[in-house]
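Heads up, the thing below is written out as structure tokens.
The values are calculated or read from the model by the stated rules, or taken from the named source; none is laboratory data. The model shown is predicted, which means the values in this text are computed figures rather than measured ones. Here the Cβ positions follow ideal geometry from the backbone for every residue, glycine too, while neighbour counts run over all protein chains shown.
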Amino acid sequence: MTVRLKKTAPARTARCDDPPPPGLLEGIEQFNRQEFFEQHETLEAIWIKEPDAVRYLYQGILQVGVGFYHWRRGNWRGAVAKLGHGLSKLEPYRPACMTIDVERLVAETVALREQLERRGAADLPPFPPPGLPRVHRTNKTA
């Protein structure tokens, strides 16, 4: 039997006060080690099963990581697009959700995406750039 999840939009939920599930922590560790393909697989596995709108927190982190994966592979268009998609998913979860410092991840990712847009496809900076974001934790949930 296939579970059909109701389509929702990214939105802050009471689940932001929960501790992060193990799959999210594993995906964050992979992200922070620049294992962007692996973090995609890990976070997708929990994102597709999560019925709550907090699923878009997982998907936002996943998409930011995929943006950096594209950058590493020299795909400017994919990098700019995926970073943008991830940022839009993360926005409702600022400043923090599930102890994830969403504010910091968004601010650092925006700065790099803006740099990519300014320079354009013909002048893609080398990867990893200075200031490559890591996903940080806070001691609070909201």
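This table checks each residue for (1) of a type in the set (Asp, Glu); (2) under 19 Å from residue 15 (Cα atoms).
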| position | (1), (2) |
| --- | --- |
| 95 | no, yes |
| 104 | no, no |
| 108 | yes, no |
| 115 | no, no |
| 120 | no, no |
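Going through segment 71-98 one residue at a time, which ones are crowded, with 22+ Cβ neighbours inside 10 Å, of a type outside the set (Gly, Ala, Ser) and closer than 14 Å to residue 113 by Cα? If the condition is that a residue be crowded, with 22+ Cβ neighbours inside 10 Å, of a type outside the set (Gly, Ala, Ser) and closer than 14 Å to residue 113 by Cα, then 71, 82, 83 are the ones that fit. Count of segment 124-133 residues, restricted to those that are surrounded by fewer than 14 Cβ atoms within 10 Å (Cβ to Cβ), in contact with a helix residue (DSSP H, G or I) (Cβ under 8 Å, 6 or more places away or on another chain) and within 18 Å of residue 32 (Cβ to Cβ), is 2. Among residues of segment 1-30 that are part of a helix (DSSP H, G or I), those with a Cβ under 6 angstrom from a residue that is modelled with pLDDT under 90, sequence gap 6+ or separate chain, pair up as 16/141; 16/142; 17/141. Per the conditions (1) in a loop (DSSP other than H, G, I, E, B); (2) basic (Lys, Arg); (3) modelled with pLDDT of 95 or more, the sole criterion not satisfied by residue 140 is (3).
Flag: residue 80 does not match the condition of being part of a helix (DSSP H, G or I), closer than 22 Å to residue 137 by Cα and touching a helix residue (DSSP H, G or I) at 6+ places or on another chain (Cβ under 7 Å). Looking only at segment 99-123, residues that are buried (at least 17 other Cβ atoms within 10 Å of the Cβ) and assigned to a loop (DSSP other than H, G, I, E, B) come to 2 in all. With respect to the conditions (1) part of a helix (DSSP H, G or I); (2) surrounded by fewer than 20 Cβ atoms within 10 Å (Cβ to Cβ), residue 59 falls short on a single one, namely (2). The C-beta contact set for segment 32-43 (first residue without any contact (Cβ under 8 Å) to a residue 12 or more places away in the chain and part of a helix (DSSP H, G or I), second residue surrounded by fewer than 16 Cβ atoms within 10 Å (Cβ to Cβ) and hydroxyl-bearing (Ser, Thr, Tyr), distance under 6 angstrom, 6+ apart or interchain) is empty. Annotation: residue 45 fulfils all but one of (1) within 17 Å of residue 98 (Cβ to Cβ); (2) surrounded by 15 or more Cβ atoms within 10 Å (Cβ to Cβ); the unmet one is (2). For segment 44-58, a residue qualifies if it is without any contact (Cβ under 8 Å) to a residue 40 or more places away in the chain and within 8 Å of the chain's Cα centre (by Cα), and exactly one does: 58.
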